[in-house]
Amino acid sequence: MIESVLINRNPALKRISKNSKEQLKDYFSSAPIWLLDSMNIKELKENEIFIESDEPAKDIFILVDGVVEALDVRIYDGAFAFKEFHGVYAFGGLEVIIQEDKYMATLRTVTKCILIKISRTHFEKWLFTDLKALKREAKLAAGNLLEESRRDRLNIITQGNDRLALLFIKKYEAYNKDGTLKMHYTRQGMADATGLSIKTVGRGIKFFEENGMIIKEGNVIIINEDQYSRLKGQIANIVEL
């Protein structure tokens with residue numbers, strides 16, 4: 001149903017990968033026609049904020065393609081990027097489940113993204129009349145919260161270079177292609193992602209480069225399979241991955 005009603009009607013969705021299409025079909029496998037007909041497709045550029053923390057949570061944005069980061073903007077000297085999302089995920093879905101009226105985080109695109117926008121009214125009607133959809137959304141939201149809590153515990157017990165190594169490991173596992181990661185970066189972005197200062201990030205990058213655990217070419221960090229193993233060895237005495 002979703003193939004004919006949603007994907008074939010929207011040119012942007014025809015361009016997404018086969019894997020993304022399969023995720024989309026699974027996510028909306030029990031969705032009624034009226035919900036599919038109510039959707040709007042949004043194509044966003046890199047570095048666009050589409051949800052602001054504490055604003056009324058009146059719409060749901062479902063990530064279809066690209067990478068999105070969640071920001072905590074309560075920090076006085078900037079925002080803290082505490083989570084990245086890739087794959088099909090509903091922003092605003094957790095707020096629906098716990099009946100929160102405002103968005104709990106700011107969401108910003110990391111890459112170009114394709115999202116599906118649905119009004120909260122329609123999304124709630126679907127979830128609360130479709131047990132399969134409600135269970136799936138609750139599982140996704142709970143899994144995300146569990147992952148955040150596990151990461152936060154790691155950040156408590158790691159400092160400096162070890163925390164930076166964890167970031168490299170996570171990026172490699174999520175985005176390597178054929179065993180090699182090419183990661184565009186800024187020191188500020190890496191400071192936001194780790195909670196470290198920009199100076200600490202700079203010292204850490206230098207340490208890993210000098211010890212052959214990363215290759216730095218301009219603003220691109222390259223990590224191969226051997227370097228990934230060495231990064232894991234860097235923190236092997238602290239945490240089991």
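Rank Lys21, Lys177, Lys42 by mean-square fluctuation in a GNM of the chain with C-alpha springs under 10 angstrom and give only the top-ranked residue.
Lys177
What does the charge dipole of the chain about its Cα centre add up to, to the nearest 20 debye, if the Cβ of each Lys and Arg holds +1 and the Cβ of each Asp and Glu holds -1?
On the way: 36 positive and 35 negative charges, 77 e Å.
I would put it at about 380 debye.
Estimate the FRET efficiency between Arg203 and Glu173 by the formula 1/(1 + (r/R0)^6), using the beta-carbon distance for r and 30 Å for R0, to the nearest 0.05.
Working: r = 24 Å, r/R0 = 0.81.
The formula returns an efficiency of 0.80 here.
Given R₀ = 22 Å, FRET efficiency for Ser17-Ala142 by Cβ-Cβ distance, to 0.05? Could the numbers behind the result be given before it?
Numbers: r = 26 Å, r/R0 = 1.19.
For R0 = 22 Å, the calculated efficiency reads 0.25.
Calculate how steeply helix 198-210 sits against the longest principal axis of the alpha-carbon atoms of the chain, using the helix alpha-carbon long axis, and give the answer as 0 to 90 degrees to the nearest 10.
70 degrees
What value does the stretch 1-142 have for Rg/Rh, both radii from Cα atoms and Rh as Kirkwood defines it?
Values: Rg = 14.7 Å, Rh = 15.4 Å.
That ratio equals 0.95.
For the chain, what is Rg from Cα atoms divided by 2.2 N^0.38 Å, rounded to two decimals? Working shown, then result.
Values: Rg = 19.4 Å, N = 241, 2.2 N^0.38 = 17.7 Å.
That ratio works out to 1.09.
Go ahead and estimate [θ] at 222 nm for the chain from helices alone: -39,500 (n - 2.57) per DSSP H run with n ≥ 4, summed, over the residue count, rounded to 500. Kindly include the intermediate steps, with their values, before the conclusion.
Details: 10 runs with 106 residues, N = 241.
That comes out to -13000 deg cm²/dmol.
Please list, by residue number, every one of the GluC sites (Glu not before Pro) in the stretch 187-241 that is coil in DSSP and has at most 16 other beta-carbon atoms within 10 Å. Working shown, then result.
On the way: sites: Glu209, Glu210, Glu217, Glu225, Glu240; in loops: Glu240.
Hits after loop and neighbour filter: Glu240.
Between the stretch 83-114 and the stretch 13-66, what is the separation of their alpha carbon centroids in Å?
The stretch 83-114 and the stretch 13-66 have Cα centres spaced 10 Å from each other.
For the chain, modelled as a Gaussian network with Cα springs under 10 Å, which listed residue fluctuates most, Leu131, Leu94, Leu36?
Comparing Leu131, Leu94, Leu36 in the GNM, the peak value goes to Leu131.
So which of Lys18/Lys216; Lys14/Lys177; Lys18/Lys139; Lys18/Lys171; Lys58/Lys171; Lys135/Lys232 end up more than 25 Å apart by C-alpha? Present the calculation step by step, with values, prior to reporting the outcome.
Values: Lys18/Lys216 32 Å; Lys14/Lys177 23 Å; Lys18/Lys139 23 Å; Lys18/Lys171 22 Å; Lys58/Lys171 32 Å; Lys135/Lys232 35 Å.
Where the Cα-Cα span goes over 25 Å, the pairs concerned are Lys18/Lys216; Lys58/Lys171; Lys135/Lys232.
Mind checking which of Leu115, Asn47, Ile97 is farthest towards the positive end of the stretch 1-144's charge dipole, using Cβ charges of +1 (Lys, Arg) and -1 (Asp, Glu) about the Cα centre?
Leu115
To the nearest 10 degrees, how steep is helix 18-27 against the longest Cα principal axis of the chain, on a 0 to 90 scale?
50 degrees
Bear in mind these aren't lab numbers, they're just calculated from the coordinates by the rules spelled out. Please read all numbers here as calculations on a predicted model, not as lab measurements. Every residue, glycine among them, receives a Cβ derived from its backbone with ideal geometry; neighbour counts consider all protein chains shown.
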